[in-house]
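The values are calculated or read from the model by the stated rules, or taken from the named source; none is laboratory data. Values in this document were obtained by computation on a predicted structure and should not be read as measured data. Quick reminder, even Gly has a Cβ in these numbers, built from the backbone with ideal geometry, and neighbours come from all protein chains shown. Surface accessibility is based on the protein's heavy atoms, side chains included, excluding ligands, DNA and RNA. Shrake-Rupley method; radii C 1.70, N 1.55, O 1.52, S 1.80 Å.
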Amino acid sequence: MLFNSYEFIIFFLPIVFITYYWIGQRLWKWGMYWIIGASLLFYGYWDIRYVPLLVLSICFNYIIGQFIVSKENSKLWLTAGLLGDFALLGYYKYTGFFLTTVNDVFGTALFSIPDIVLPLGISFFTFTQAAYLIDMYRGDAASTGFASYCEFVTIFPHLIAGPIIHHREMIPQFQSQRTYHLNYDNIAQGLTLFIFGLFKKVAIADSLAPWVNEYFARPDSLLPIEAWFAALGYSFQLYFDFSAYSEMAIGLGLMFNLRLPRNFDSPYQAANIIDFWRRWHMTLGVWVKNYLYIPLGGNRHGLPKKLRNLMVSMLLIGLWHGAGWTYVLWGGLHGLFLVINHWWRSMGNALPKIFSWPLTFCAVMVAWVFFRADSVGQALIILSTMFDIQNWAAGFSLHGPTGVRIRILIAFTLLLMFCPSAQRLVERYFKPNIKWAVMCIVFGVVSLYFFSHISDFLYFQF
């Protein structure tokens with residue numbers, strides 16, 4: 001079920017919301033059971049066949065966690081739990097990629113490629129539960145009831161595409177009776193953030209999608225200006241799409257008195273690639289830092305090993321996003337950018353922001369071409385066209401469709417350079433008054449106008 005669908009907005013959300021508080025204010029634990037059942041229904045609406053897989057994963061990890069906390073053979077149980085989690089993720093997400101790569105290496109159809117459908121959200125609920133098991137082993141997580149654990153994994157705002165949540169932040173909220181009592185400030189703020197995210201998704205991201213898709217579908221015939229449109233358009237489409245989902249999820253969480261972690265903080269305002277990764281998909285960055293980068297040694301063993309650990313971490317982030325060499329290259333490029341940035345900083349060097357910001361943005365944009373392209377070859381064609389200096393003026397015009405798209409992209413660039421994120425705006429300036437009510441109504445009406453085509457969120461494929 002999509003946040004931007006009629007089924008969700010008109011039926012699912014109102015029914016779940018009203019019943020949640022009606023039950024929760026009387027018997028708060030039944031409010032917890034209700035939201036768990038509603039979350040499983042939300043997940044099963046996509047494909048009910050994968051609900052048992054999700055439930056099996058939850059039961060497996062909860063049982064493993066109980067064995068770990070018993071302190072008997074805890075390391076063995078942790079190993080078994082992590083192997084089980086990542087074997088499940090590996091089978092569904094990487095089997096086809098691995099077998100295709102083997103066939104390509106040997107130049108023969110050595111293996112037939114199975115038709116495996118990727119379960120929605122499997123990367124998110126796998127990483128969420130793996131972190132829980134590791135923290136149980138470290139002694140950083142206390143044993144909790146099965147219902148609390150189920151809600152932690154399944155709570156529907158985050159289940160499909162994040163943010164990646166952490167037990168230390170969330171489980172105490174699930175176990176608090178106050179969570180199941182009406183808080184009108186949270187509801188108003190959450191609804192505002194949800195509407196802003198809905199507007200970003202349907203009015204901006206989905207409006208950019210048609211011409212971005214058209215350009216990436218014909219890389220061989222692109223003019224240089226069109227190649228730039230493709231790269232810039234996708235950079236904005238992905239940001240508006242994914243940040244919209246995160247803000248809608250966070251807004252929904254607030255409506256249910258749950259504070260989900262921030263996932264975006266104006267990443268295109270970053271003046272270096274280090275800062276970019278502190279602002280983009282923040283919960284994934286924190287997960288990789290805590291459960292891969294630091295265990296590898298972090299920055300504790302000198303600059304060369306620190307740079308190695310950064311590269312390994314970014315390659316994992318690339319592979320986490322998708323089973324393909326384009327994602328591996330995207331992660332490797334960001335790893336290289338981080339290595340250069342940290343090395344440059346270690347030398348005591350710094351660029352003025354007037355130079356560092358466009359350099360950072362261009363580096364991110366170039367990497368997005370690999371992220372979006374169907375193949376490495378397609379990405380290289382688009383990039384070579386972008387930087388074809390001799391023919392750059394071909395097709396350039398400030399009139400007609402080209403001129404309109406130039407103005408749109410300039411407007412989005414200025415907007416993302418200088419304006420705070422929607423979540424920051426709501427946090428800093430929101431007041432439940434007539435002005436905000438009118439603004440929300442306008443954004444909501446405009447969003448409904450764009451509802452002629454309901455599209456998936458881009459991060460569903462990851």
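Some values worked out for this structure:
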read-out: Value of [θ]222 nm, deg cm²/dmol, for the chain, DSSP H segments ≥ 4, -39500 (n - 2.57) each, nearest 500; value: -22000 deg cm²/dmol
read-out: Cα centre as origin, Lys/Arg/Asp/Glu Cβ charges: the chain dipole, Debye; value: 1360
read-out: Rounded to the nearest 10 Å², the accessible area of His334 at probe 1.4 Å; value: 0
read-out: Percentage relative contact order, region 185-460, counting C-alpha pairs under 8 Å, at least six apart; value: 29
read-out: Equivalent ellipsoid, region 6-182 (semi-axes from 5 times Cα gyration tensor eigenvalues, Å); value: 33, 23, 11
read-out: Total formal charge among the other residues, if their Cβ is under 13 angstrom from that of Ala161, Lys/Arg +1 and Asp/Glu -1; value: -2
read-out: Centre separation in Å (Cα based) which lies between region 213-288 and region 44-113; value: 28
read-out: Projected label distance in nm at Ile340 and Trp30, using a 7 Å step from Cα toward the beta-carbon; value: 6.1
read-out: Close Lys-Lys pairs in the chain, where close means Cα under 23 Å and separation is 8 or more or interchain; value: 7
read-out: Options Leu110, Ala141, Ala130, ranked by Cα towards positive dipole end of region 43-177, top entry (Cβ charges); value: Ala141
read-out: Spin-label zone in region 126-154 - amide nitrogen under 20 Å from a point set 7 Å from the Cα of Asp456 along the C-beta vector; value: 126-127
read-out: Cα radius of gyration and Dmax for the chain (Å); value: 23.0, 72
read-out: Per-pair calculated FRET efficiency, R0 = 35 Å: Asp115 and Leu292 via Cβ, rounded to 0.05; value: 0.65
read-out: Nitroxide proxy distance, nm - points 7 Å out along Cα→Cβ at Ser384 and Gln66; value: 6.0
read-out: Spacing of the two label points (7 Å from each Cα toward its C-beta) at Asn349 and Met1, in nm; value: 5.4
read-out: Area accessible to solvent at Trp77, 1.4 Å probe radius, in Å²; value: 80
